[in-house]
Amino acid sequence: MRIEFERTGGFAGMGLSTSVDVADLSPRDQETLESAVESANFFQLPRQMISAGPGADRFQYHLVIEQEGNRHEVEVGEAVIPDSLRPLIEHLSMFARTGRLR
Amino acid sequence: MHPLHCILPPHMLEQIAENGTQRQREWALHTLTATEQFRGQRHIAGQVRAIAAAVPAVQRERITYDAENGTALPGRVARSENDPPTGDPAVDEAHDGAGATWSLYQEVYGRNSIDGHGMRIESSVHYDRGYDNAFWNGKQMVYGDGDDDLPEAERLFHRFTVAIDIIGHELTHGVTQYEANLVYWDQPGALNESFSDVFGALVKQRALGQSAGAADWVIGAGLFTDNVNGQGIRSMAAPGTAYDDPVLGTDPQPAHMQDYVHTSSDYGGVHINSGIPNHAFYLAAMEMGGNAWEKAGRIWYVALRDRIEARTTFPEAANLIYRVAGELYGYGSLEQQSVQRGWAGVGIDVTAPEQPGCWERLREIWTGQRGAGNED
C-alpha cells in the first residue's frame, strides 16, 4: 500500500506533505495505518468533501491511496472530516511533521 | 471639497437619518458630521444628537473557552468578560487580544463588535493536540497550541495566541463574514485574507502605539520557535521574505501582480496572493504616514463595510477603496493619491474617476449602499 498525503491552507498557508510506502514501515506501524485505512472505508469515500459553511483558515487535506491495483483519491475540508477518517488523517499529519507515526 | 459636493440637499440626509435602518442612520450620521454642510447648517446639529442618542450603548462581551486538547467546541468556560487573568497564557492572550481587537473596531471605527450589533466574542484555546493553526469557524475563533506535543528540538510553532495580530486576523474574518462576505476562493478569497492581515497588523500597531514607519508589518512575529529561520508568517512590507527555512521552505507570497500564483491548493492560493493587496495597503499607509489605523485603516474599513462585495476582484477593490478615500478625505487628497500609488505599486492601476458623477451618487443614496438594505 502506498499513501500520498498533503495538507494545505490554515492561517500560515504552509503546505505539509508526505508519501508513505507502508511496506517500508515496522510491522506495528503497518498495522496502524492499514487498520486506519480500513476503518475509514477509504475506497468508498466520496472524492470531494468540501464544507459549504462559513469560516476561514481551515486546513484542506488531499489523500491518494494505492492498494493491490486499486487507487482512490479524496479531498476533504477540515470542517467536514468524517469521524471514521479522522484517525488516518491524524496519523499521516504526525508522520508528515516528524517522520514517525507516534 | 467634501464628499457630497454635487448634490445632497440636507433634507435627504435627514430623511435617511430619521427613517433609515440602523446602518443607514449610522451612515447619515457619519456623513452629516464629516461634511462641510454640517458646519454650514447648524440646524442639523440637533438631528445629529438625536441620531447619536438612538444608537444603542455598546457593551463588550467576551467569553474564552478551554477546548482541553479536544476538537469539540467551544469547550469549558475559562474566562468571562470581567474575570481577572487566569494565569493560563493561551486563555489570557486570546481574551486580551480579542479585547484589543474589539477596541480598535469600536473606538476607532465605531463598530459594535463582530456583527456590528454587539455580538458576544467567543474564543477557544488548547484546540486538539499538535494543532498548528488558528481559525474562524463561522461563529467563533479557535487556537491550537502549536507543536507542544513534540520534543523541543523538533518544534516549529509556538501556541497561536502568542501574536496579537493573529487574534485580530481571526476576528476580522468574522467582521468580513458579516460585511463584504468575500467568498473564500481566488482573488475574493485573497482579499478576505488580506483584510484579516491588515486589521490584525493594525490591532498590533495600535496596542504598541506604533506609527506606520515604526511597525515591522510582519504577521505572526513570535509564532516560530528558534528552530525556524524566519521572522514570521507573512511580511506586508516585503511579501515573500518572511521565512526561508530548510524544513518549512520559502515564503511563497508575491508582492506584485506579475508574480500572481495560480493554484488550486489553499482555496486558490488565498494565503499566497494576499501578499499583493497586503503590500498595496502597506505602501498606501506608509505614504500617508502617522498611525496606519487612523487613515489608511479607516479607508479600508469603510470599503470592507460598504463597498466590497462577495466576488470583488483585486482591480475592483482598488477602485472601490480609491473612491472611499476620496469621499472620506477629499477628492485628489494626499490620502486618495496614496491609495492610487499603493495599488500601482503592486501592478494594479486604479481606473475609477477621482470623483463620482452626481447621478451615480444620487442612485447610491436612494437605493441604499450595499448591505444597508438587509440589516435590521
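The values are calculated or read from the model by the stated rules, or taken from the named source; none is laboratory data. A quick note: this is a predicted structure, and the numbers were derived from the prediction, not measured. Methodologically, a virtual Cβ is constructed for each residue, glycine included, from the backbone with ideal geometry; neighbour enumeration extends over all protein chains shown.
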What do you reckon, is B:GLN253 over 17 Å from the mean Cα position of the chain (by Cα) and crowded, with 24+ Cβ neighbours inside 10 Å?
yes
Flag for B:ASN192 being under 22 Å from B:ALA98 (Cβ atoms), within 11 Å of another protein chain (Cβ to nearest Cβ) and either in a loop (DSSP other than H, G, I, E, B) or of a type in the set (A, V, I, L, M, F, W, C) (or both)
no
May I ask you to verify whether B:GLY240 is within 13 Å of chain A (Cβ to nearest Cβ) and part of a loop (DSSP other than H, G, I, E, B)?
yes
Could you figure out which of (1) at the interface with chain A (Cβ under 8 Å from one of its Cβ atoms); (2) out of contact with any His (no Cβ under 8 Å at 6 or more places or on another chain) isn't true of B:LEU156?
(1)
List pairs: first in segment B:281-298 and outside the structural domain of B:GLY110 (by TED's automatic domain parsing), second charged (D, E, K, R) and in a loop (DSSP other than H, G, I, E, B), Cβ under 6 Å, 6+ apart or cross-chain?
B:MET288/B:LYS295
Selection status of B:ALA292, among the hydrophobic types (A, V, I, L, M, F, W, C), more than 19 Å from the chain's Cα centre (by Cα), under 16 Å from B:ASP216 (Cα atoms) and crowded, with 23+ Cβ neighbours inside 10 Å:
no
Quick check on segment B:77-100. Is at least one of its residues on the phi > 0 side of the Ramachandran plot, surrounded by fewer than 16 Cβ atoms within 10 Å (Cβ to Cβ) and assigned to a loop (DSSP other than H, G, I, E, B)?
yes
For the list (1) charged (D, E, K, R); (2) under 18 Å from B:GLU81 (Cα atoms); (3) away from every other protein chain (no Cβ under 12 Å); (4) in a loop (DSSP other than H, G, I, E, B), I need the number of the one condition that B:GLU122 fails.
(4)
Scan segment B:311-334 for residues that are of a type in the set (Ser, Thr, Tyr), in a helix (DSSP H, G or I) and closer than 16 Å to B:PRO277 by Cα and report the count.
1
Exactly one of B:ILE308, B:ILE299, B:ILE272 is away from chain A (no Cβ under 14 Å) and either over 17 Å from the mean Cα position of the chain (by Cα) or assigned to a helix (DSSP H, G or I) (or both), and that residue is B:ILE299
Among the residues of segment B:206-234, count how many are within 12 Å of B:ALA163 (Cα to Cα), buried (at least 20 other Cβ atoms within 10 Å of the Cβ) and in contact (Cβ under 8 Å) with a residue 60 or more places away in the chain.
3
